[in-house]
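Shown next, in structure tokens, is the structure this report addresses.
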Amino acid sequence: MPAPARKHEHPQPADAIGQPIFWEPPGAFLKWSIALLLAGSATFLIVLFFVAPDQLRTARGGGPVVLSLLAMVALFLLRRGRIAASAGVMAAGLWAYTTGISLLLGGLHSLFIIAYSPVIVFTGWLLGSRAAIALAILTTGVCFGFLQAELGGFLPPPPPASPALVWVVQTSVFCFSALLISYVVNSYRSRLEKVRRLGTDLALKTGELRTRETDLYRAQAVARVGSWVYHLATGEMHLSAETCRIFGLPEGTTGSREAYLARTHPEDRSAVDLAWQSAIKGGEPFDHEHRILVARKIRWVRQIAELELGADGKAL
């Protein structure tokens with residue numbers, strides 16, 4: 001009995017996730033960033049309470065409170081599984097805070113302006129290079145505005161800062177930078193290790209595939225049964241080694257429907273072509289005996305074909 005046509009569904013490949021937020025699971029990094037932000041804010045408040053004059057405590061005390069609220073919002077989003085939103089809130093919030101506090105505390109002379117660099121790197125890693133470039137351009141524009149405002153006398157002079165406050169701010173920035181670069185390096189190393197493992201697995205599977213292919217060709221040679229795959233989209237027919245031997249062709253020859261029909265006996269050519277067309281258009285199984293010509297000699301072959309269908313039901 002003729003072999004039934006197989007209807008293989010070819011699922012569409014899933015869209016590659018291009019968002020940088022998914023390059024490496026950033027949940028742990030965001031948690032550490034939020035924890036560091038909360039710890040830095042608390043430390044700043046403690047130092048501010050003990051070393052800052054009374055008139056500066058109120059002016060500067062709002063900054064750590066704003067950072068703490070920002071961290072809490074980011075943590076809330078992270079716990080709800082909204083990683084991208086959490087990263088966006090952290091990046092935009094830190095940049096806006098740095099800009100606002102620098103504007104109030106002396107512009108280019110502000111103690112907090114050093115935070116721009118790690119914030120841009122943070123944004124680039126989690127939100128992509130375009131976001132980092134855009135933020136860098138925006139930061140350059142803001143700093144130029146600070147320059148113009150200072151030259152025009154519109155900015156207040158920077159208030160005095162104790163060495164302890166300077167140390168807290170700079171240490172927080174340094175720790176955040178170290179945390180960021182550590183995760184970036186570890187992510188890069190992890191990717192390299194995954195690529196190495198994938199390469200090793202691919203080499204093993206390629207070796208296994210070649211072994212199976214060799215076994216298949218040997219089995220075909222013993223049984224004198226060849227095989228081929230005809231791709232309708234390209235019109236190419238890939239022939240096995242035994243098929244090439246049956247048709248008297250060099251091994252590795254790429255065939256076509258026209259080339260096959262040209263080697264079919266003239267009296268059988270129309271029937272073979274009609275059977276092929278019926279199979280392709282109607283999805284009918286193909287099982288046909290006919291003659292072929294090999295070096296002017298007649299050979300009888302039996303050809304059995306199965307159709308492979310795509311998701312739209314059309315033959316592939």
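The values are calculated or read from the model by the stated rules, or taken from the named source; none is laboratory data. These figures come from a predicted structure and were not determined experimentally. Virtual Cβ from ideal backbone geometry, glycine too; neighbours counted across all protein chains shown. Ligands, DNA and RNA are excluded from the accessible area calculation, which covers all protein heavy atoms including side chains. Shrake-Rupley method; radii C 1.70, N 1.55, O 1.52, S 1.80 Å.
The residues of segment 224-245 that are surrounded by 19 or more Cβ atoms within 10 Å (Cβ to Cβ) and within 37 Å of the chain's Cα centre (by Cα), listed by number, are Tyr230, Leu239, Ser240.
In summary, Leu36 fulfils each of the numbered conditions (1) at pLDDT 80 or above; (2) over 23 Å from Ala85 (Cα atoms) with the single exception of condition (2). Within the option set Ala275, Ala271, Ala233, being modelled with pLDDT of 90 or more and either touching a strand residue (DSSP E or B) at 6+ places or on another chain (Cβ under 7 Å) or at negative phi (or both) holds for one residue only, Ala271. Could you pull out the residue among Val184, Val222 that is free of Cβ contacts under 8 Å to residues at least 12 places away in the same chain, over 30 Å from Gly106 (Cα atoms) and not in a loop (DSSP other than H, G, I, E, B)? Step by step, each of Val184, Val222 is checked, and only Val222 is free of Cβ contacts under 8 Å to residues at least 12 places away in the same chain, over 30 Å from Gly106 (Cα atoms) and not in a loop (DSSP other than H, G, I, E, B).
The set of residues from segment 248-273 being closer than 23 Å to Pro285 by Cα, of a type outside the set (Val, Ile, Thr) and touching a residue at least 12 places away in the same chain (Cβ under 8 Å) comprises Gly255, Ser256, Arg257, Ala259, Tyr260, Leu261, Arg263, His265, Glu267, Asp268, Ala271, Asp273. A single entry from Ile120, Ile113 fulfils the requirement of being touching a Ser or Thr at 6+ places or on another chain (Cβ under 6 Å), assigned to a helix (DSSP H, G or I) and of a type outside the set (Phe, Trp, Tyr): Ile113. Yes or no: segment 208-219 includes at least one residue that is open to solvent by 80 Å² or more (accessible area, probe 1.4 Å), of a type in the set (A, V, I, L, M), farther than 30 Å from Arg291 by Cα and part of a helix (DSSP H, G or I). Among the residues of segment 208-219, at least one is open to solvent by 80 Å² or more (accessible area, probe 1.4 Å), of a type in the set (A, V, I, L, M), farther than 30 Å from Arg291 by Cα and part of a helix (DSSP H, G or I), which makes the answer yes. Among the residues in segment 84-92, are any crowded, with 18+ Cβ neighbours inside 10 Å, within 20 Å of Val168 (Cβ to Cβ) and not aliphatic (A, V, I, L, M)? Scanning segment 84-92, I find no residue that is crowded, with 18+ Cβ neighbours inside 10 Å, within 20 Å of Val168 (Cβ to Cβ) and not aliphatic (A, V, I, L, M), so the answer is no.
Per-residue answers, yes or no, for (1) modelled with pLDDT of 80 or more; (2) open to solvent by 90 Å² or more (accessible area, probe 1.4 Å); (3) small (Gly, Ala, Ser); (4) in a helix (DSSP H, G or I):
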position: Gly141; (1), (2), (3), (4): yes, no, yes, yes
position: Phe146; (1), (2), (3), (4): yes, no, no, yes
position: Lys194; (1), (2), (3), (4): yes, no, no, yes
position: Lys205; (1), (2), (3), (4): yes, yes, no, yes
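Summed over segment 93-110, the residues that are open to solvent by less than 20 Å² (accessible area, probe 1.4 Å) and not in a helix (DSSP H, G or I) give a count of 2. Screening Val195, Val173 for residues that are of a type in the set (Val, Ile, Thr) and free of Cβ contacts under 8 Å to residues at least 24 places away in the same chain leaves exactly one candidate, Val195.
The criterion of at least 1 residues that are over 30 Å from Thr214 (Cα atoms) and of a type in the set (A, V, I, L, M, F, W, C) is met, among helices (runs of 4 or more DSSP H) falling completely within segment 228-316, by 266-282.
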